[in-house]
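Take a look at the structure below.
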């Protein structure tokens with residue numbers, strides 16, 4: 001009996017802790033409901049202010065919902081470490097490019113460390129890494145460790161910069177993690193404007209100031225480039241949606257989509273923009289241009305009198321005069337002249353003096369302000385600028401200008417990033433999921449509870465009580481450890497209900513057998529618990545192991561399932577064995593049970 | 001209430017029939033796996049999926065032709081049972097273009113029936129192949145872990161037979177997914193991450209059932225002559241039959257609830273679990289124990305079991 005007192009206290013403590021842990025979730029729900037019940041906004045605001053602390057506390061400790069239930073974005077981004085490595089290399093030749101191509105292909109197929117892939121490819125070709133990287137005297141090992149440090153640094157910097165941008169944009173509780181050597185996992189809940197978030201995350205904001213070449217040079221360059229075919233000679237242009245739709249445009253030579261205006265400006269119609277942009281990146285096109293120059297398109301289209309849109313082409317010096325690294329401050333605003341959105345920027349000391357020198361030396365010439373490879377504006381330098389101020393105009397909207405401000409301030413990413421996985425769940429689907437999930441839990445619970453009572457009579461009631469405690473424990477552990485509840489997690493709870501009674505079924509069947517052998521009720525119960533224990537342990541260990549592996553190897557939502565399954569299974573060891581046994585002992589003492597109680 | 005009270009079924013006597021039955025079913029599944037293959041979801045294949053919901057039910061054919069007109073290459077299918085449709089295309093890094101393409105073309109061509117984009121998922125090929133590897137690793141690790149654990153608790157014959165039973169169960173479900181994949185709009189039976197979750201749970205569940213039977217055999221076999229083994233195996237199976245069926249029953253009950261109530265995202269998982277539990281229950285009686293028995297008869301030496 002003394003033993004049972006201890007067990008009773010234990011059960012009471014577990015139950016109390018569970019309720020205590022779930023309580024904020026209930027309060028959060030009740031308070032939110034109350035807030036929404038007021039007729040006027042003033043009333044609800046007053047209530048919110050009066051109960052501010054309570055509301056915040058409840059919300060803070062309540063059960064968190066996963067992205068699929070709440071709505072939001074789950075992104076996996078890849079930092080193009082290879083691009084970074086390529087930039088680090090010198091002496092690049094045919095051989096190097098060929099090796100890089102195969103490295104890129106292999107890197108695209110897995111999450112393996114790029115530096116390792118690179119080293120392996122070089123070793124296969126029997127070429128020393130130091131031929132292209134760092135000092136010629138470095139051993140392969142030294143080069144690898146330097147490149148690895150560089151790659152690791154780039155990933156961490158990319159993570160910080162992205163966190164900066166998200167924080168400035170303002171998303172509640174963002175999750176940003178690194179995965180492996182080059183991936184970032186980003187979870188943003190309750191995002192409404194995904195396109196904007198994507199722009200913020202992907203924006204490399206590579207700002208460059210480049211000298212624009214003379215008009216005659218531009219015309220000559222366009223003439224030479226015009227003879228090239230629009231489609232890449234060997235492999236077709238990479239299929240993305242924009243090009244796929246523009247791909248129907250039948251044009252053979254570049255000259256067919258590039259025109260010259262009477263004033264000497266060179267343009268391409270809007271429908272051909274993507275094709276031309278892709279063509280201008282090709283090596284065979286760039287080879288036709290003068291040394292250290294490139295052709296760039298304008299960022300925003302211009303419009304003719306009759307509404308046709310076109311983009312301008314610029315021939316600029318490839319080596320930038322100055323880059324965005326010198327920018328210290330950025331501010332989105334409207335221009336004083338035509339109230340168009342623009343971004344004002346100021347530079348650090350080094351940038352300021354360089355900028356003064358550059359502008360001073362190029363009075364009367366055009367300097368292009370290039371952002372991510374597109375020309376935003378190309379103003380003619382009127383005078384030397386000593387203040388270190390510059391401005392980006394030609395921006396579509398104030399929103400875009402604000403995003404640009406955020407990105408410029410947060411700094412540019414060390415290497416380009418790509419989205420390789422995206423899952424966006426709208427809020428209405430999330431509430432559907434919640435409804436479906438609750439419905440399943442209710443029906444699953446009802447079905448199991450009724451079945452146990454029909455099949456096992458009073459003993460079934462004990463198992464049902466244990467089941468209630470089990471579910472309480474699962475939810476309270478989730479809430480207590482701030483683990484998010486997902487739809488698969490709810491499925492895990494429903495499944496756990498079916499499996500949690502397994503231990504009780506094992507015990508009860510055993511007790512029935514012992515009773516059939518003619519043992520007394522008390523002896524049968526004791527024997528049932530003792531003899532069934534080994535099977536229960538084995539079955540729980542195997543289920544736990546499977547769930548654990550799922551947690552380790554699974555991703556995202558599936559982990560939610562694994563977590564609830566693990567908690568539920570572990571909890572059922574306690575609820576199905578300890579709780580029901582105590583209940584039976586109490587029933588026996590108070591003569592509430594007889595031989596018929598096990599059905 | 002009692003089912004199977006004092007059942008006395010000669011399981012061991014009919015084990016050859018069960019072997020043939022299982023082998024035939026698995027072979028059919030394997031043939032289907034080679035011929036039809038599996039209907040992989042985007043988790044493992046890569047690609048983009050967009051779920052849209054219309055205000056009133058929309059004709060799939062109409063939407064399909066609108067999508068083709070808009071340049072969205074891929075398939076359009078009913079999603080679940082309500083007014084939702086699922087559009088599948090190749091992987092798109094920039095889903096906002098895809099999104100605006102879909103919503104614009106629908107807004108202009110079906111103005112009377114507004115559509116809402118419920119979710120967008122895009123998985124790149126490198127992630128997809130990664131997930132496939134992780135799934136295989138998880139399954140392999142689960143099988144090895146179970147093999148080791150059961151070997152320690154019983155002996156290698158029992159463990160190996162248990163793992164054979166798991167293979168049996170997973171292959172059967174996989175075969176069923178291959179045979180029925182893509183046939184019903186109500187449940188497309190795509191193999192994705194949630195199915196791997198189902199397989200691992202099935203593996204855990206199958207060995208649970210098997211272990212309960214083993215446990216009973218171990219308890220009864222101590223000090224018995226090998227000539228009595230067939231009787232003991234039979235009696236053990238009969239004694240645990242009620243428990244085996246009842247727990248499978250309660251779990252299947254909850255899985256059925258998931259199948260019908262938890263929505264289309266869980267349906268494939270629920271289907272896999274349901275068939276998996278069904279087959280797992282069958283295999284613990286007709287596959288695992290008989291294999292131990294036959295193996296034992298060939299080995300000649302009496303069973304020496306560890307543990308309690």
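The values are calculated or read from the model by the stated rules, or taken from the named source; none is laboratory data. Not measured: the values here are computed from a predicted model. FYI the Cβ positions are ideal-geometry reconstructions off the backbone, even for glycines, and counts take in every protein chain you see.
Do we find a residue being within 14 Å of chain B (Cβ to nearest Cβ) and within 27 Å of residue A:170 (Cβ to Cβ) anywhere in the stretch A:434-452? Spell out how you get there, then give the answer.
At the first step, the residues of the stretch A:434-452 found to be within 14 Å of chain B (Cβ to nearest Cβ) are A:434-452.
Narrowing further to those that are within 27 Å of residue A:170 (Cβ to Cβ): A:434.
Taking every residue of the stretch A:434-452 in turn, at least one turns out to be within 14 Å of chain B (Cβ to nearest Cβ) and within 27 Å of residue A:170 (Cβ to Cβ).
Within the stretch A:121-141, identify whether any single residue is within 14 Å of another protein chain (Cβ to nearest Cβ), modelled with pLDDT of 85 or more and under 30 Å from residue A:185 (Cβ atoms), and answer yes or no. Full working, then the answer.
Just the residues of the stretch A:121-141 that are within 14 Å of another protein chain (Cβ to nearest Cβ), to begin with: none.
No; the residues of the stretch A:121-141 include none that is within 14 Å of another protein chain (Cβ to nearest Cβ), modelled with pLDDT of 85 or more and under 30 Å from residue A:185 (Cβ atoms).
Condition test on residue B:172, is it assigned by TED's automatic domain parsing to the domain that holds residue B:273, without any contact (Cβ under 8 Å) to a residue 12 or more places away in the chain, over 16 Å from residue A:542 (Cα atoms) and part of a helix (DSSP H, G or I)? Don't jump to the end; show me each part of the working.
Working: assigned by TED's automatic domain parsing to the domain that holds residue B:273: yes; without any contact (Cβ under 8 Å) to a residue 12 or more places away in the chain: no; over 16 Å from residue A:542 (Cα atoms): yes; part of a helix (DSSP H, G or I): yes.
In short, no.
Within the stretch A:67-88, which residues are part of a strand (DSSP E or B) and more than 11 Å from chain B (Cβ to nearest Cβ)? Talk me through it step by step, then tell me what you get.
First, pick out the residues of the stretch A:67-88 that are part of a strand (DSSP E or B): A:72-79.
Passing the criteria: only A:79.
Only one residue in A:439, A:408, A:429 is at negative phi, in contact with a helix residue (DSSP H, G or I) (Cβ under 9 Å, 6 or more places away or on another chain) and either modelled with pLDDT of 90 or more or not in a helix (DSSP H, G or I) (or both). Which one?
Values: A:408 fails: either modelled with pLDDT of 90 or more or not in a helix (DSSP H, G or I) (or both); A:429 fails: either modelled with pLDDT of 90 or more or not in a helix (DSSP H, G or I) (or both).
Sole residue among the options that is at negative phi, in contact with a helix residue (DSSP H, G or I) (Cβ under 9 Å, 6 or more places away or on another chain) and either modelled with pLDDT of 90 or more or not in a helix (DSSP H, G or I) (or both): A:439.
Tell me which residues, restricted to the stretch B:168-190, are in contact with a helix residue (DSSP H, G or I) (Cβ under 8 Å, 6 or more places away or on another chain) and modelled with pLDDT under 90.
Initially, the stretch B:168-190 is screened for residues in contact with a helix residue (DSSP H, G or I) (Cβ under 8 Å, 6 or more places away or on another chain), giving B:168-179, B:186-190.
Those that are in contact with a helix residue (DSSP H, G or I) (Cβ under 8 Å, 6 or more places away or on another chain) and modelled with pLDDT under 90: B:186, B:187, B:188, B:189, B:190.
Hey, can you tell me all the residues within the stretch A:359-384 that are farther than 14 Å from residue A:213 by Cα, touching a helix residue (DSSP H, G or I) at 6+ places or on another chain (Cβ under 8 Å) and in a loop (DSSP other than H, G, I, E, B)?
Of everything in the stretch A:359-384, those that are farther than 14 Å from residue A:213 by Cα, touching a helix residue (DSSP H, G or I) at 6+ places or on another chain (Cβ under 8 Å) and in a loop (DSSP other than H, G, I, E, B) turn out to be A:383, A:384.
Which residue out of A:573, A:565 is under 20 Å from residue A:475 (Cα atoms), in contact with a helix residue (DSSP H, G or I) (Cβ under 6 Å, 6 or more places away or on another chain), within 12 Å of chain B (Cβ to nearest Cβ) and part of a helix (DSSP H, G or I)? Walk me through it before giving the result.
On the way: A:573 fails: within 12 Å of chain B (Cβ to nearest Cβ).
A:565 is the lone residue from the list that is under 20 Å from residue A:475 (Cα atoms), in contact with a helix residue (DSSP H, G or I) (Cβ under 6 Å, 6 or more places away or on another chain), within 12 Å of chain B (Cβ to nearest Cβ) and part of a helix (DSSP H, G or I).
Among the residues of the stretch A:457-468, are any under 28 Å from residue A:593 (Cα atoms), more than 14 Å from every other protein chain (Cβ to nearest Cβ), surrounded by 22 or more Cβ atoms within 10 Å (Cβ to Cβ) and in contact (Cβ under 8 Å) with a residue 12 or more places away in the chain?
In the first step, residues of the stretch A:457-468 are kept if they are under 28 Å from residue A:593 (Cα atoms); the result is A:457-468.
Filter again for more than 14 Å from every other protein chain (Cβ to nearest Cβ), leaving A:461-462, A:465, A:468.
Those left that are additionally surrounded by 22 or more Cβ atoms within 10 Å (Cβ to Cβ): A:462.
If we keep only those that are in contact (Cβ under 8 Å) with a residue 12 or more places away in the chain as well, we get A:462.
Within the stretch A:457-468, one or more residues are under 28 Å from residue A:593 (Cα atoms), more than 14 Å from every other protein chain (Cβ to nearest Cβ), surrounded by 22 or more Cβ atoms within 10 Å (Cβ to Cβ) and in contact (Cβ under 8 Å) with a residue 12 or more places away in the chain.
Which residues, counting only those in the stretch A:281-317, are free of Cβ contacts under 8 Å to residues at least 24 places away in the same chain and within 33 Å of the chain's Cα centre (by Cα)?
A:281
Is it fair to say residue B:127 is at pLDDT 85 or above, within 30 Å of residue B:196 (Cα to Cα), facing chain A (nearest Cβ under 9 Å) and in contact with a strand residue (DSSP E or B) (Cβ under 7 Å, 6 or more places away or on another chain)?
Values: at pLDDT 85 or above: no; within 30 Å of residue B:196 (Cα to Cα): yes; facing chain A (nearest Cβ under 9 Å): yes; in contact with a strand residue (DSSP E or B) (Cβ under 7 Å, 6 or more places away or on another chain): yes.
So residue B:127 does not fit the description; no.
Kindly list the number of the only condition in (1) more than 8 Å from chain A (Cβ to nearest Cβ); (2) in contact with a helix residue (DSSP H, G or I) (Cβ under 7 Å, 6 or more places away or on another chain) that fails for residue B:250.
Failed condition: (1).
Taking only the stretch B:85-102 into account, find how many residues are touching a residue at least 40 places away in the same chain (Cβ under 8 Å) and more than 9 Å from chain A (Cβ to nearest Cβ).
Looking only at the stretch B:85-102, we keep the residues that are touching a residue at least 40 places away in the same chain (Cβ under 8 Å), and these are B:88-92, B:95, B:98-99, B:102.
With more than 9 Å from chain A (Cβ to nearest Cβ) added as a condition, the list becomes B:88, B:102.
The qualifying residues number 2.
Considering only residues that are part of a helix (DSSP H, G or I) and either out of contact with any strand residue (DSSP E or B) (no Cβ under 8 Å at 6 or more places or on another chain) or surrounded by fewer than 20 Cβ atoms within 10 Å (Cβ to Cβ) (or both), which ones fall in the stretch B:175-192? Don't jump to the end; show me each part of the working.
Of the residues in the stretch B:175-192, the ones part of a helix (DSSP H, G or I) are B:175-180.
Within the stretch B:175-192, B:175, B:176, B:178, B:179, B:180 qualify.
Looking only at residues that are in contact with a strand residue (DSSP E or B) (Cβ under 6 Å, 6 or more places away or on another chain) and without any contact (Cβ under 8 Å) to a residue 60 or more places away in the chain in the stretch A:356-380, which one is surrounded by the most Cβ atoms within 10 Å (Cβ to Cβ)?
A:377
Filter the stretch B:48-84 down to the residues that are at the interface with chain A (Cβ under 10 Å from one of its Cβ atoms) and at positive phi and list them by number.
Of everything in the stretch B:48-84, those that are at the interface with chain A (Cβ under 10 Å from one of its Cβ atoms) and at positive phi turn out to be B:71, B:80.
Looking at (1) surrounded by fewer than 24 Cβ atoms within 10 Å (Cβ to Cβ); (2) in a helix (DSSP H, G or I); (3) more than 7 Å from every other protein chain (Cβ to nearest Cβ); (4) in contact with a helix residue (DSSP H, G or I) (Cβ under 8 Å, 6 or more places away or on another chain), which is the only condition residue B:242 fails?
Single failed check for residue B:242: (3).
Could you check the stretch A:129-235 for helices (runs of 4 or more DSSP H) lying wholly inside it with 3 or more residues that are surrounded by 15 or more Cβ atoms within 10 Å (Cβ to Cβ) and touching a helix residue (DSSP H, G or I) at 6+ places or on another chain (Cβ under 8 Å)?
On the way: elements: A:140-169, A:194-202, A:215-225.
Fully inside the stretch A:129-235 and qualifying: A:140-169, A:194-202.
Could you check how many residues of the stretch B:111-124 are within 7 Å of another protein chain (Cβ to nearest Cβ) and outside any strand (DSSP E or B)? Spell out how you get there, then give the answer.
Pass one, the stretch B:111-124, residues within 7 Å of another protein chain (Cβ to nearest Cβ): B:116-124.
Now narrow it down to the ones that are outside any strand (DSSP E or B): B:124.
So the count comes out to 1.
Among the residues of the stretch B:78-97, write down those that are closer than 24 Å to residue B:259 by Cβ and surrounded by 16 or more Cβ atoms within 10 Å (Cβ to Cβ).
Step one: list which residues in the stretch B:78-97 are closer than 24 Å to residue B:259 by Cβ, which gives B:78-86, B:88.
Across the stretch B:78-97, the qualifying residues are B:78, B:79, B:80, B:83, B:84, B:85, B:86, B:88.
Residue-by-condition table, conditions (1) crowded, with 20+ Cβ neighbours inside 10 Å; (2) under 22 Å from residue A:585 (Cβ atoms); (3) within 13 Å of another protein chain (Cβ to nearest Cβ):
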{"site": "A:477", "(1), (2), (3)": "yes, no, no"}
{"site": "A:487", "(1), (2), (3)": "yes, no, yes"}
{"site": "A:493", "(1), (2), (3)": "yes, no, yes"}
{"site": "A:507", "(1), (2), (3)": "yes, yes, yes"}
{"site": "A:512", "(1), (2), (3)": "yes, yes, yes"}
{"site": "A:521", "(1), (2), (3)": "no, yes, no"}
{"site": "A:525", "(1), (2), (3)": "yes, yes, no"}
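Among the numbered criteria (1) within 11 Å of chain A (Cβ to nearest Cβ); (2) in contact with a strand residue (DSSP E or B) (Cβ under 9 Å, 6 or more places away or on another chain), which one does residue B:268 miss?
With (1) within 11 Å of chain A (Cβ to nearest Cβ); (2) in contact with a strand residue (DSSP E or B) (Cβ under 9 Å, 6 or more places away or on another chain) applied to residue B:268, the lone miss is (1).
Do we find that residue B:41 is in contact (Cβ under 8 Å) with a residue 60 or more places away in the chain and farther than 29 Å from residue B:294 by Cβ in this structure?
yes
Across the stretch B:139-159, which residue is nearest to the other protein chains (Cβ to nearest Cβ) among those that are touching a residue at least 60 places away in the same chain (Cβ under 8 Å) and surrounded by fewer than 22 Cβ atoms within 10 Å (Cβ to Cβ)?
The residue in question is B:139.
Could you tell me whether any residue of the stretch A:528-536 is more than 11 Å from chain B (Cβ to nearest Cβ), buried (at least 24 other Cβ atoms within 10 Å of the Cβ) and at negative phi? Steps first, please.
Step one: list which residues in the stretch A:528-536 are more than 11 Å from chain B (Cβ to nearest Cβ), which gives A:528-529.
Filter again for buried (at least 24 other Cβ atoms within 10 Å of the Cβ), leaving A:528.
Next, from what is left, pick out any that are at negative phi: A:528.
Checked against the condition, which is being more than 11 Å from chain B (Cβ to nearest Cβ), buried (at least 24 other Cβ atoms within 10 Å of the Cβ) and at negative phi, the stretch A:528-536 yields at least one hit.
Filter the stretch A:89-112 down to residues that are at pLDDT 80 or above and more than 14 Å from every other protein chain (Cβ to nearest Cβ), then give me how many there are.
Residues meeting the conditions: 11.
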